[in-house]
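Presented below is the structure to which this report refers.
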Amino acid sequence: MERPAWAPPGIDISVPSVSRMYDFYLGGSHNFEVDREAARKAMEFMPGLPKIMQANRAFMRRAVRHAVDNDVTQFLDIGSGIPTFGNVHEVARAAAPAARVVYVDHDPVAVAHSRAVLEDDDSAAVAAADLRKPADILYSPEVTRLLDLDRPVALLLVAVLHFLEDEDKPREAVAELIDALAPGSLVVLTHASYEGIPLPEERAGGTVEVYRDIRNPLVMRSSGEIARFFEGTELIEPGLVPMPLWRPDSPAEEEDPYAFSGFAGVGRKA
């Protein structure tokens, strides 16, 4: 298998990566054939996966604008993935040019490309860290340099928590992050669920098995289980809802049915 020139040294290009599969769903070019093969297998069961990813990105952009509108101009985006058009720093700075952003990912390809994109940007950076180790994120050089945790921060956990199994203690990790944030901070979150998917659960389960086969289990949680991630915050209107229903820019009925797969919400720390 030929190694692309842009692939960082040491990357095993024979193993699929969820962030590179996400890049493929969004029409990106920084993915390997092994990622595309796994993504196509997942789409055999759930052909609307690209629509779901687009709905995630659209929600993220609306939530970032909401944060800026409420004077939150610091962003910590965990599980940020590979840079694509409409990143957090681009959306935030359209309304607040002084916005500061730290991206966090544990995929070396995502980190390498984010660093290349942000090379000349003094107000944005990427940290190589894992959500399962919140202290590594909070005390990373990038966070300590760019973010003032004594002031409100928007914590973004978009399409990442469903890749942590319960044994990874995701709720404890999120609680530790929230505890470190100042009052007025926001928690911006999306999560996959069987609720809302326009397919029988058995068929959607085929996609879950594809992710399990590549050793990146996709954990489908109920809306009640997802709501628990917001403990320590107060959900703002309209609460925890399917992604297109969170403060939409256009009529939700115009959305593809797959866009309603999974939930989105924003919580504010008192």
ask   = Among 97-109, 29-41, what's the highest-first ranking by average C-beta atoms within 10 angstrom per residue?
value = 97-109, 29-41
message = Accessible area per residue for the chain in Å², computed with a 1.4 Å probe and the full protein assembly in place, what is it?
response = 45
inquiry  = Per-residue counts of other Cβ atoms within 10 Å, averaged by peptide: what ranking do you get for 119-132, 81-94, highest first?
reply    = 81-94, 119-132
query = Using a simple charge model, +1 on the beta-carbon of Lys and Arg, -1 on the beta-carbon of Asp and Glu, nothing else, what dipole does the chain show about its Cα centre, in debye to the nearest 20?
reply = 200
Lys/Arg +1, Asp/Glu -1 at C-beta; the range 8-144 dipole; positive extreme among Pro47, Ile78, Ile13 = Pro47
query = Rounded to the nearest 500 deg cm²/dmol, what is the calculated helix-only ellipticity per residue at 222 nm for the chain, with -39500 (n - 2.57) per DSSP H run of length n ≥ 4?
reply = -10500 deg cm²/dmol
inquiry  = Given R₀ = 22 Å, what would the calculated FRET efficiency be for Glu202 paired with Glu165, taking r from the Cβ atoms and rounding to 0.05?
reply    = 0.55
query = Hey, any idea what % of the range 98-156's accessible area is carbon plus sulfur with a 1.4 Å probe?
reply = 47
inquiry  = With the cut-off at 1.5 for a/c, could you classify the range 40-136 from its C-alpha gyration tensor as rounded, prolate or oblate?
reply    = oblate
ask   = Using the per-residue mean of other Cβ atoms lying within 10 Å as a proxy for protection, in what order, highest first, do the peptides 65-73, 166-174 fall?
value = 65-73, 166-174
request  = Report the calculated FRET efficiency for Asp122 and Asp12 (r = Cβ-Cβ distance, R0 = 25 Å), to the nearest 0.05.
outcome  = 0.15
note = Magnitude of the Cβ-charge dipole (Lys and Arg +1, Asp and Glu -1) of the range 85-164 about the Cα centre, nearest 20 debye, reported as 220
Nonlocal amide H pairs with Val101, under 5 Å, H built at 1.01 Å = Phe75, Ala124, Ala125
request  = Using Cα centres only, tell me the gap between the range 150-170 and the range 76-107 in whole Å.
outcome  = 15
ask   = In what order, largest first, do Ser185, Ser250, Ser80 sit by accessible area if the probe radius is 1.4 Å?
value = Ser250, Ser80, Ser185
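The values are calculated or read from the model by the stated rules, or taken from the named source; none is laboratory data. Everything numeric here is computed off the predicted structure, so don't read it as measured data. Quick reminder, even Gly has a Cβ in these numbers, built from the backbone with ideal geometry, and neighbours come from all protein chains shown. Calculation scope for accessible area: heavy atoms of the full protein, side chains included, ligands and nucleic acids excluded. Shrake-Rupley method; radii C 1.70, N 1.55, O 1.52, S 1.80 Å.
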